[in-house]
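Notes to accompany the following structure.
No lab work stands behind these numbers, since they all come straight from the coordinates. Predicted model, so just to flag it, every value in this text is computed and none were measured. Don't worry about glycine lacking a Cβ; one is built from the backbone with ideal geometry, like all the others, and counts go over all protein chains shown.
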Amino acid sequence: MNVPERYRLAVVAATSLIVVVIVAAAILLLNRPGPTPVVSPSPTVTASPSLDVTTPEGAVRSFFDAFAKARRTDDPALIRPYVTGEQSSAYLSVQGFLLGQKAAKKASVLTIQQLDNIVVETTGASATVRLVYTEGGYDVSLVSGTPLESPNVLAPRNVTMELRSVNGRWLVDTYEARAQ
């Protein structure tokens, strides 16, 4: 655009004024008062929190949901309602892991917990459940709750679980995980 020299200062001033008005309007619109969004420090776990122990699959999902909660406090008692007893290998495995975490003064926060390719084989009061388990998260200080590492996702593992039906409830007896 070819502006005569005597009007150039006025055009530049007018253009600058328009830009200032647009920027000010944008700032006011973006910062208008209203509810402040609350950002959660960690995404939610994706396992089903159904706590249904009337089917083998529901019992497995409930077990993993309780295990995710137990990892935040290193309290194995949280999985007790989902196992056949405190002498079961499933309980002892979880207890060993959590007590090791506790001894190291750390806990875990799960941000991802996926149960895929679930296959259930039931024979009377026994069931075998096979699945692919993927978890992700990060360790936190057991004392302060502050993160000790950045979130990461572990490689998927093949899991085999043996369950028993006790008084109409399916309970986990054994738990075995191995790399794919």
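Considering amide H positions built from the backbone, and no H for Pro or chain starts, which residues 5 or more places from LEU142, or on another chain, come under 5 Å of its amide H?
Residues meeting the amide H criterion: LYS106, ALA107.
Could you go through the stretch 51-57 in sequence order and give the Karplus-derived ³J(HN,Hα) for each residue, using 6.51 cos²θ - 1.76 cosθ + 1.60 with θ = phi - 60°, rounded to whole Hz, and x for Gly and Pro?
Result, ordered by residue: 6, 9, 10, 8, 10, x, 5 Hz.
So what J values fall out for the stretch 61-76 if you push phi through Karplus, 6.51 cos²θ - 1.76 cosθ + 1.60 with θ = phi - 60°, rounded to Hz, Gly and Pro as x?
Here the 3J(HN,Hα) series is 4, 5, 4, 5, 4, 5, 5, 4, 5, 5, 5, 6, 10, 6, 10, x Hz.
Return the loop-located GluC sites (Glu not before Pro) in the stretch 92-180 (DSSP other than H, G, I, E, B) with at most 12 other Cβ atoms within 10 Å of their own Cβ; answer none if there are none. Present the calculation step by step, with values, prior to reporting the outcome.
Numbers: sites: GLU121, GLU135, GLU149, GLU162, GLU176; in loops: GLU149.
Those satisfying the criteria are GLU149.
Give me the aspartates and glutamates in straight-line cross-link reach of LYS106: C-alpha distance below 20 Å, same-chain residues under 8 apart excluded.
Once the sequence-local aspartates and glutamates are set aside, what remains near LYS106 is ASP65, ASP74, ASP75, GLU135, ASP139, GLU149.
Mind sorting TYR91, TYR175 by how few other Cβ atoms lie within 10 Å of their own Cβ, fewest first?
Numbers: TYR91 21, TYR175 24.
Going from sparsest to densest Cβ surroundings: TYR91, TYR175.
In a shell of Cβ-Cβ distance under 12 Å around THR134, excluding THR134 itself, what net charge do Lys and Arg (+1) and Asp and Glu (-1) give? Each step should come with its number before you reach the end.
Details: positive: ARG157; negative: ASP116, GLU135.
So the surrounding residues net to -1.
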